[in-house]
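Peer 1: One structure is given below, represented as structure tokens, and several questions about it will come after.
The values are calculated or read from the model by the stated rules, or taken from the named source; none is laboratory data. From a predicted model like this one, the values you see are computed outputs, not experimental measurements. Reconstructed Cβ throughout: ideal geometry from the backbone, glycine too, with neighbour counts over all protein chains shown.
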Amino acid sequence: MNKPNNKILVINTGGTITMAAKASGELQAGKGEVLIELIKNLTTDLCSTIEVKPLTGADGAVIGTSDSSEIGPKHWDAMASMIISHNDDYDGFVVLHGTDTMSYTASALSFCLAQNTKPVVVTGAQVPLSKPGSDGLQNLRLALYVADQSGKSLPALSEVMICFAGQLLRGNRSRKSSTRSAVGFSTPNAQILGELFPVPTIFKEQLRALPNAYPPLNNSSLGYSDKVLSMNLNPGFTGELLLKIIKGSDIEGLVLRVFGSGTAPDDFNLAQVVEQAKNETNDRFKCAVIVTDVYNGSLDIHRYAAGKNLRSPFIIDGRDMTPEAASTKLMWVLGSDDRKQQLVKLLGSAVCHEMSAK
Ligand code: ASP
């Protein structure tokens, strides 16, 4: 039996799940009350108290969002600080979110909440709750089921996860893999954490070990830089052009998706560009993180001679990190002076299982 007083906080940031169609057919912010009523009705059989709050900033003002394309550093700070400040008041958290940037948010939150021991379940839908055929109700019910662990024989879940299409995924390993299918997310380089349909099953061996010692679960772990450029290496793109872009901007860090297992053409000497960019910007530009542009797999920059220009102490090997995890991790590391000072250590190792060991 569930504890009658178990409490779950649902933070509503918008997304398709809560949207409705305008006369033109375009989806836009919908009526949140419909959703709230729905959730209240669900509480009876989920046996928990479920509170729904809009995303609010530190000053208590609602940060209105609808499409997740709007979500960025200030929203991640707001979400994380709601979870941190209400940590003792709730047993679990559900974040309702648009699918377009859901993997970025789940990754971003995973770093500052690395030591959080309560489930944080991010979910949304491909089709609005208000429309026939919506996947939203099932996603929401299963997210609430996972967030509310009382009285269940589930192993303890204590990380930032995505619950979608009956699957439970590690947030910082996830990628949006379909714009249409109900199975909208996958973790190309990691096993899933659980299958929730038809019978909820958690794969205990996939769950993370105890949280790392860093960062502390308080507001000092917040903060994300908005000065990170994330881009693909295109055939024909030159190092000279990249250097011009970095020098002519405020960019402090670069996430570059390189070819295959870690190759780049001779005209693109990233090691040289990064060194020059550091020198010529008085160390305003800090480093580059590289990941593969291939959906599945890891970097191995020593495998091919064509990887030679990617080897430098200021180029961090992102191994099998997703581009979303690499971008948000670099934004997070550059988001505080304390973390900047530990840049090489933090970027070179996993903070919360976002990449595999070497
Ligand atoms: N454009 C929407 C969003 O990300 C897509 C969705 O939620 O599925 O907000």
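Peer 1: Here are the criteria: (1) hydrophobic (A, V, I, L, M, F, W, C); (2) in a loop (DSSP other than H, G, I, E, B); (3) over 28 Å from Asp337 (Cα atoms). Tell me which single one Leu217 does not satisfy.
Peer 2: Condition (3) is where Leu217 drops out.
Peer 1: I've got another one for you. Quick one: is Ser48 buried (at least 22 other Cβ atoms within 10 Å of the Cβ), touching a residue at least 60 places away in the same chain (Cβ under 8 Å) and over 21 Å from the mean Cα position of the chain (by Cα)?
Peer 2: Yes.
Peer 1: Is it the case that Ser69 is in a helix (DSSP H, G or I), more than 16 Å from the ligand (Cβ to nearest atom), farther than 19 Å from Cys163 by Cβ and modelled with pLDDT of 95 or more? Before the answer, list the steps.
Peer 2: Numbers: in a helix (DSSP H, G or I): yes; more than 16 Å from the ligand (Cβ to nearest atom): no; farther than 19 Å from Cys163 by Cβ: yes; modelled with pLDDT of 95 or more: yes.
No: the conditions fail for Ser69.
Peer 1: Now, a different point. At positive phi and under 28 Å from the mean Cα position of the chain (by Cα): is that true of Gly236 in this structure?
Peer 2: No: the conditions fail for Gly236.
Peer 1: OK, next. Surrounded by 14 or more Cβ atoms within 10 Å (Cβ to Cβ), part of a loop (DSSP other than H, G, I, E, B) and within 18 Å of the chain's Cα centre (by Cα): is that true of Ala182 in this structure?
Peer 2: Spelling it out, it is not the case that Ala182 is surrounded by 14 or more Cβ atoms within 10 Å (Cβ to Cβ), part of a loop (DSSP other than H, G, I, E, B) and within 18 Å of the chain's Cα centre (by Cα).
Peer 1: Among the numbered criteria (1) of a type outside the set (S, T, N, Q); (2) under 12 Å from Ile11 (Cα atoms); (3) at pLDDT 95 or above; (4) within 16 Å of the ligand (Cβ to nearest atom), which single criterion is violated by Pro54?
Peer 2: (3)
Peer 1: Would you mind finding the one in Ser174, Ser130 that is in contact (Cβ under 8 Å) with a residue 40 or more places away in the chain, more than 21 Å from the chain's Cα centre (by Cα) and under 19 Å from Thr16 (Cα atoms)?
Peer 2: Going through Ser174, Ser130 in turn, the sole match is Ser130.
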